[in-house]
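Student: Please find one structure pasted underneath; my questions will follow.
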Amino acid sequence: MTCQVASGKAKATRQELDQMNLFSDIRDLVLASLNDMVAQGQLPAGLDFAAVAVEPPRDAAHGDMATNAAMVLAKPAAMQPRAIADALAARLMADPRIAGADVAGPGFLNLRLNPVIWQGLVRSVLTQGIDYGRANLGAGKKVNVEFVSANPTGPMHVGHTRGAVFGDALARLLAFAGWNVTREYYINDGGAQVDVLARSAYERYREALGLEPEIREGLYPGDYLIPVGEALKEKYGDSLLDKGEQYWLKDVRDFATEMMMAEIRNDLKVLGVEMDVYSSEKALYGTGEIEAAIATLRDMDLIYEGVLEPPKGKEPEDWEPRVQTLFRSTAHGDDVDRPVQKSDGSWTYFAPDIAYHHNKVKRGFDALIDIFGADHGGYVKRMKAAVSALSNGRVPLDIKLIQLVKLYKNGEPFKMSKRAGTFVTLRDVVEQAGADVTRFVMLTRKNDAALDFDFDKVLEQSKDNPVFYVQYANARVNSVLRKARDAGIAVDDATLSAADLAGLTHEAEIEVAKKLAEWPRLVEIAARNNEPHRVAFYLYELASDFHGLWNRGNDDTSLRFIQDGQTAVSQAKIALARAVSVVICSGLAILGVTPVEEMR
RNA sequence: GGCCCCGUAGCUCAACGGAUAGAGCGUCCCCCUCCUAAGGGGAAGGUUGCAGGUUCAAGUCCUGCCGGGGUCGCCA
C-alpha cells in the first residue's frame, strides 16, 4: 500500500462535495432550524444569518462543535441570547446527529454529536480518498496566479524560490477548492535589464574567444554567463567581434534571454513547479496592446499630462518638476498618481504591466492573484488601481507579498550579494535540502513574515523539524499496514472502508477522527484567504494527534492498531490510521511534497 | 516625512472577530520485555509593544503613538 490514494470519483457533484464537510452540514442544520423558528414566530422575520458560524470549540471539553447563533442574533432579534439558544437547542436535539446541545459562556451553543458520526467520517475519508476535503469554493471560476516572474537575467535565487513554492502551493490549493487555475509567469524581457544582460554576455563571448572580458560597473559579473559566452561563440564564431553594439545587441539579447529562461524553467522543474503560461513583456511592444490599454484608461479620463509633487518630507537632491504622462491611480485608491511614460516618451515599467493585466482581464479571469517580492510593496496600490479601472471593478486582484528568506548554516547567516555574484541559487538550496524539504519549510510561515532557512535544521530528523514529523506519521501508518498484511489481515482501502467501525469508540481514537473532520473546513479557510501555510500547520497538528494515539498504545494495548487474532477489530483501528494517511497525502499533495512511505 | 509589512512565552512561530491566547525549541520531571522512542505524557513560562475606540465578544477591526524592516518621479 502506498500513498497512491484512489480518487473516489473523477468528478464529485456539488451536493456530494457539500456532504463532505461535517461543519457545513451542521451549519446547514442550524440554519434550517433557525428558519423553522422564524416560520413559527419564535424569531422575527428578516434576520441575516450570514454571521452564524459553526466551528470547533477551542476546548474539547465544550463539545464537538459550537455555534454563535444566539449571540449574533440577540441584538437584531431584540431577544435574550439565552432564549434563542434554548429554543434552538430544543430543535437541534430532534436531529439524530445531535447528541447534546448545551448553552454555555456568553451564549455559545455547544453541540455534541452522535458518536457514530465519527465512525462514518472515517469511512467517508476512505471512500472518497484524495477527494475528501475537496471544496467547491471556486465553483469552477477562473483564477490566474502569476508568480515567480523573475527577471531573465540570471538563475533563480532563494527569494525567488520562496515565491515559486508559495505560488505553486496556492495554485494547488485553489484547484482543490474548486477554482479553475492558470499558473502564469511574466517574463520581464522588455526593459533595460536585458540590455545589460546582453552586454554582460557579450563580454563573456569575448572571453570565450580568448580576450580579456571587461565586466564594467553595472554589468552582471556572475559566472553563470560564461556558458552563454561560449554558446555565442559556438553560434556566431568571431563574427560579432569588434562590431558596434547596434550590430549585435538585439541578437545577443534574445539569445541570452532565451538561455536564461531555459535555465529558469529547469530550476522550476527541479523544484516541482510547472507553469501553464509564460507571458512576455517584450511581446507587448509593437503590438499596440500597451497603447490600447493606455487609451482605454484615457477614455475613462484616467490619463493626463501633469507634474508630480516631490515625495513629502524627503525631496531628492536632483528633484526637478517635469511634465509626464500620468495614470490617475488616486481615483482607484492609490496615494499619488503614477507615471506611465518617461520624459523621453518611452514607457515606464508600469505601462506594459498595465497592458499585461489588461490582457489577463480580457482573457476572462474572474480573479487575479499576483505574487511579488516584498520589495515591490510600493507597487501594490497602483496595480490594484489599474485592474480596478480596467475591469470596472469586476475582477478582484489580490497581491501577496513574499518576505525575504534569511539563510543560515551552522547558525551563521549566509551573506549574499548579487553584485558580487555570490548569491545562493535555487539550485544550491534544492541540491542541499531537497525539493520536498525546501517546499515544506518555506510553507511553514505566513507569506508576509520573514523566514529563516537553516540548512542544518531542515535536514534534522526530529520533531522540531515539521517536515520530518509529518512524514514520520505517514511512515508509521504504512508500517502498520505492512505488519497487518504480514499477519494476514486484509487492509486494502476497499476492505477497510467496508469494515465495521463500531469499535472505534475510545476517546483517543475519536479525537483523531475529529481532527480529520476539520480538514475540509481547513481547506476552505486556507483557500478563501490565499494562505497555503495553514495546510502545513494543519498537517503538523494531525501528525501530532496521530503520534499521540500511537503512544497511547504503549500504555493501553487495546489502543494498538493491530490486535492479535482479532481481524475485524484490527481493521477498524487500521481504517482510522489509513484515513490519517489519506489526509496527510492529500495535504502534502497541495504543498507539492512527496509523502515518505518508510523512514530509513 | 508618505505608504506597506511586522511586533504574541527566554527563542522560533500559530490562532476564519469567539470561550481559560496555543505549538516546537530551551529548562525541569516521567514513559521503551509491546505496531519505528526519529516518539509520547506532564511542569514551569503571557498585561499579545503602548494608549484610546468599535463590538455581546478584540492578538485579530479603527485612530494615534513607540520599535524593526521594506519602499518612495525617466530600475524592473
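Student: Please find, among A:Ala568, A:Ala575, the residue that is among the hydrophobic types (A, V, I, L, M, F, W, C), within 33 Å of the chain's Cα centre (by Cα) and either buried (at least 21 other Cβ atoms within 10 Å of the Cβ) or not assigned by TED's automatic domain parsing to the domain that holds A:Pro57 (or both).
Tutor: None of the others qualify; the one that does is A:Ala575.
Student: Hey, could you check the stretch A:582-600 for residues that are within 13 Å of RNA strand B (Cβ to nearest atom) and not acidic (Asp, Glu) and say which is farthest from A:Val467 (Cα to Cα)?
Tutor: Just the residues of the stretch A:582-600 that are within 13 Å of RNA strand B (Cβ to nearest atom), to begin with: A:595-600.
If we keep only those that are not acidic (Asp, Glu) as well, we get A:595-596, A:599-600.
Values: A:Pro595: 10, A:Val596: 10, A:Met599: 12, A:Arg600: 15 Å.
Here the answer is A:Arg600.
Student: Does A:Lys362 satisfy the criteria of being touching a helix residue (DSSP H, G or I) at 6+ places or on another chain (Cβ under 9 Å), surrounded by fewer than 19 Cβ atoms within 10 Å (Cβ to Cβ) and under 26 Å from A:Trp179 (Cα atoms)?
Tutor: Considered against the rule, which asks whether it is touching a helix residue (DSSP H, G or I) at 6+ places or on another chain (Cβ under 9 Å), surrounded by fewer than 19 Cβ atoms within 10 Å (Cβ to Cβ) and under 26 Å from A:Trp179 (Cα atoms), A:Lys362 comes out as yes.
Student: Another question, if that's okay. Keeping to the stretch A:338-355, report how many residues are within 6 Å of RNA strand B (Cβ to nearest atom) and either under 35 Å from the mean Cα position of the chain (by Cα) or among the β-branched types (Val, Ile, Thr) (or both).
Tutor: 3
Student: How do the pairs read when you match residues in the stretch A:358-381 that are at pLDDT 95 or above with residues anywhere that are among the basic types (Lys, Arg), using Cβ under 6 Å and keeping only pairs 6 or more apart or on different chains?
Tutor: The qualifying pairs are A:Phe365/A:Lys142; A:Asp366/A:Lys141; A:Asp366/A:Lys142; A:Leu368/A:Lys360; A:Ile371/A:Lys400.
Student: Could you check A:Leu219 against (1) in contact with a Ser or Thr (Cβ under 6 Å, 6 or more places away or on another chain); (2) modelled with pLDDT of 95 or more and say which number it fails?
Tutor: (2)
Student: Something else: Look through the stretch A:181-217, keep the residues that are surrounded by fewer than 19 Cβ atoms within 10 Å (Cβ to Cβ) and β-branched (Val, Ile, Thr), and return whichever of them is farthest from RNA strand B (Cβ to nearest atom).
Tutor: A:Thr182
Student: Looking at this structure, is A:Pro352 more than 18 Å from A:Asn188 (Cβ to Cβ) and not aliphatic (A, V, I, L, M)?
Tutor: No: the conditions fail for A:Pro352.
Student: Quick check on my filter: what residues within the stretch A:324-337 are under 20 Å from A:Ile290 (Cα atoms) and near RNA strand B (Cβ under 8 Å from one of its atoms)?
Tutor: A:Gln324
Student: Taking A:Ala192 as the residue in question, decide whether it is under 34 Å from the mean Cα position of the chain (by Cα) and free of Cβ contacts under 8 Å to residues at least 24 places away in the same chain. Write out each step before concluding.
Tutor: Numbers: under 34 Å from the mean Cα position of the chain (by Cα): yes; free of Cβ contacts under 8 Å to residues at least 24 places away in the same chain: yes.
Spelling it out, A:Ala192 is indeed under 34 Å from the mean Cα position of the chain (by Cα) and free of Cβ contacts under 8 Å to residues at least 24 places away in the same chain.
Student: If you don't mind, there's one more thing I want to ask. Considering (1) modelled with pLDDT under 95; (2) out of contact with any Pro (no Cβ under 9 Å at 6 or more places or on another chain); (3) assigned to a helix (DSSP H, G or I); (4) over 30 Å from A:Ala498 (Cβ atoms), say which one A:Val228 fails and leave the rest.
Tutor: That leaves (1) as the condition not met.
Student: For the stretch A:531-567, enumerate the residues that are of a type in the set (A, V, I, L, M, F, W, C) and near RNA strand B (Cβ under 9 Å from one of its atoms).
Tutor: Scanning the stretch A:531-567 gives A:Phe537, A:Ala543, A:Phe546, A:Leu549, A:Trp550, A:Leu559, A:Phe561, A:Ile562.
Student: Which condition from (1) more than 36 Å from the chain's Cα centre (by Cα); (2) in contact (Cβ under 8 Å) with a residue 24 or more places away in the chain is the one that A:Asn110 breaks?
Tutor: Of the numbered conditions (1) more than 36 Å from the chain's Cα centre (by Cα); (2) in contact (Cβ under 8 Å) with a residue 24 or more places away in the chain, the odd one out for A:Asn110 is (1).
Student: Now for a different question. Count, please, the residues in the stretch A:274-296 that happen to be part of a strand (DSSP E or B), surrounded by 15 or more Cβ atoms within 10 Å (Cβ to Cβ) and not hydroxyl-bearing (Ser, Thr, Tyr).
Tutor: Of the residues in the stretch A:274-296, 0 are part of a strand (DSSP E or B), surrounded by 15 or more Cβ atoms within 10 Å (Cβ to Cβ) and not hydroxyl-bearing (Ser, Thr, Tyr).
Student: Can I ask one more? Within the stretch A:325-360, how many residues are closer than 21 Å to A:Ala192 by Cα and assigned to a loop (DSSP other than H, G, I, E, B)?
Tutor: 8
Student: Can you pull out every residue in the stretch A:535-593 that is in a helix (DSSP H, G or I) and of a type in the set (Phe, Trp, Tyr)?
Tutor: Across the stretch A:535-593, the qualifying residues are A:Phe537, A:Tyr538, A:Tyr540, A:Phe546, A:Trp550.
Student: Would you check if A:Val181 is assigned to a loop (DSSP other than H, G, I, E, B), under 22 Å from A:Met442 (Cα atoms) and not assigned by TED's automatic domain parsing to the domain that holds A:Leu232? Please lay out each step first, then the result.
Tutor: Working: assigned to a loop (DSSP other than H, G, I, E, B): no; under 22 Å from A:Met442 (Cα atoms): yes; not assigned by TED's automatic domain parsing to the domain that holds A:Leu232: yes.
Taking the combined requirement at face value, the residue does not satisfy it.
Student: From the list A:Ala61, A:Ala70, A:Ala32, A:Ala51, pick out the single residue that is surrounded by fewer than 20 Cβ atoms within 10 Å (Cβ to Cβ), outside the structural domain of A:Val583 (by TED's automatic domain parsing), within 13 Å of RNA strand B (Cβ to nearest atom) and not in a loop (DSSP other than H, G, I, E, B).
Tutor: On inspection, the qualifying residue turns out to be A:Ala61.
Student: Filter the stretch A:369-399 down to residues that are closer than 16 Å to A:Phe166 by Cβ and surrounded by 21 or more Cβ atoms within 10 Å (Cβ to Cβ) and give me whichever is farthest from RNA strand B (Cβ to nearest atom).
Tutor: Per the criteria, the residue is A:Ile369.
Student: Test A:Val480 against the stated conditions and say whether it is near RNA strand B (Cβ under 8 Å from one of its atoms) and within 30 Å of A:Ile354 (Cβ to Cβ).
Tutor: no
Student: For A:Ala169, state whether it is crowded, with 22+ Cβ neighbours inside 10 Å, within 16 Å of RNA strand B (Cβ to nearest atom) and not in a helix (DSSP H, G or I).
Tutor: no
Student: Filter the stretch A:507-529 for residues that are away from RNA strand B (no atom under 12 Å from the Cβ) and over 19 Å from A:Cys585 (Cβ atoms); which is surrounded by the fewest Cβ atoms within 10 Å (Cβ to Cβ)?
Tutor: So, considering only residues that are away from RNA strand B (no atom under 12 Å from the Cβ) and over 19 Å from A:Cys585 (Cβ atoms), the one surrounded by the fewest Cβ atoms within 10 Å (Cβ to Cβ) is A:Glu507.
Student: Okay, moving on. Only residues that are within 6 Å of RNA strand B (Cβ to nearest atom) and surrounded by 12 or more Cβ atoms within 10 Å (Cβ to Cβ): list them for the stretch A:297-318, please.
Tutor: Result: A:Leu308, single match.
The values are calculated or read from the model by the stated rules, or taken from the named source; none is laboratory data. Worth saying up front: this structure is predicted, and the values here are computed from it rather than measured. Here the Cβ is made from the backbone with ideal geometry for all residues, glycine too, and neighbour counts use every protein chain on show.
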